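The values are calculated or read from the model by the stated rules, or taken from the named source; none is laboratory data. Quick caveat, the model's predicted, so the values are computed rather than measured. Cβ sites come from the backbone with ideal geometry, for glycine too, and all protein chains shown count toward neighbours. Surface areas here come from the heavy atoms of the whole protein model, side chains and all, with no ligands, DNA or RNA. Shrake-Rupley method; radii C 1.70, N 1.55, O 1.52, S 1.80 Å.
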Amino acid sequence: NTHSEEVPERLTGQPAKKLESERAAKKLKLEREGEDTETGKLSKSEVKSPSDNPFSRYSRSEYWAYADYKHMCELCSDMLELQLAIDWSAFGFHGRDGKDSTLWVGSEGACTPCHYDTYGCNLVAQLWGRKRWVLFPPDDSECLYPTRLPYEESSVFSSVDVCRPDLTKFPEFARAKALEVVLSPGDVLFVPRHWWHYVECLQPAVSVNTWIELPSDAHDRVKEGVVRILVSVFATEQETEKEWMNPNEVVFPLAKNIDLLSWALQERTRDPELPSTTGSPLQDGISMEDFVRAVTSERVVSCIVEEMLRGGGARGRGGP
């Protein structure tokens, strides 16, 4: 199931309320700020001056802050009640709760660049404040000029600033079909596989999401393994690494990346739900020599040359 015919859907009402989102968000806010979770009042001993805030020297009109990709199993490891308050069973995912979820806390103006996730599909619950989502279907990929730089594992970014697009540089973007939705507390958004999305906090906002695994992930992990090796090999210089890698991305040694690709290939060949491939399943993984032979094969080199000749190697251009 590739979810190719599915479209994003915002859910409101009782299913969303079953997540107890507002209660969970309030409890998190109170406990993290030192407030009494019963009365909601801040004790005098916890009152701090603005100078104690490390962000106080940054103007809100010029800067924003985002705590993203915060896994609740780590961030809230000592708050079991809060983890259990996030309950995805209303959407058919029984047993899935905060331990399988990621927290996002942003100030007004905080945003995530337009991208799509290579793995799974996504459920996002809005807990606090409002967020604006701008989504594009997978069929619009050519119009969004995909790029893997800066590199982030499992994220394919758009070269286009979708809020202020330069149509002289990215003329095909004019053909993109945007869908826009604003999430309020209690809303849940379903984001199908490979749908592009730009996300912006319209006010201080807290949301939680869970990525739902799909059978197609096994094949996508192989492709991600290949991209990881290629980017890490070329991003060897210190300055290049800063420009090419997202700050939250870890660069593994080549041998480690080969091991990860070997594991992904073995999982891919063992999956009975995916189309069979020619050749026998890999028993011992692959070596660096195997990888070099693959990427220097006539078919791969011809594809690279063709992509470069049509402009895919130039900054601001890209393929799906």
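What's the number of the only condition in (1) over 22 Å from Asn122 (Cα atoms); (2) open to solvent by less than 20 Å² (accessible area, probe 1.4 Å); (3) part of a helix (DSSP H, G or I); (4) aliphatic (A, V, I, L, M) that Val160 fails to meet?
(3)
Please enumerate the residues belonging to segment 97-114 that are open to solvent by less than 40 Å² (accessible area, probe 1.4 Å) and touching a helix residue (DSSP H, G or I) at 6+ places or on another chain (Cβ under 9 Å).
Correct list: Asp97, Gly98, Ser101, Thr102, Leu103, Cys114.
Can you give me the number of residues within segment 168-177 that are surrounded by fewer than 14 Cβ atoms within 10 Å (Cβ to Cβ) and closer than 25 Å to Arg10 by Cα?
So the answer is 2.
Report, by residue number, each residue of segment 232-251 that is assigned to a helix (DSSP H, G or I), at pLDDT 80 or above and either closer than 22 Å to Thr112 by Cα or of a type in the set (Phe, Trp, Tyr) (or both).
Phe234, Trp244
Out of all the residues in segment 54-74, is one or more over 22 Å from Pro204 (Cα atoms), modelled with pLDDT under 55 and within 25 Å of the chain's Cα centre (by Cα)?
no
Does Arg132 fit the bill of being charged (D, E, K, R) and over 18 Å from the mean Cα position of the chain (by Cα)?
When the stated conditions are applied, Arg132 does not pass them.
Looking at segment 93-124 only, could you name the residues that are of a type in the set (S, T, N, Q), closer than 17 Å to Arg193 by Cα and in a strand (DSSP E or B)?
Within segment 93-124, Asn122 is the sole residue that qualifies.
When both residues are 6+ apart or on different chains and their Cβ atoms are under 7 Å apart, which pairs have a first residue that lies in segment 291-320 and is open to solvent by less than 60 Å² (accessible area, probe 1.4 Å) and of a type outside the set (Gly, Ala, Ser), and a second that is assigned to a loop (DSSP other than H, G, I, E, B) and modelled with pLDDT under 90?
Glu307/Gly313; Glu307/Gly319
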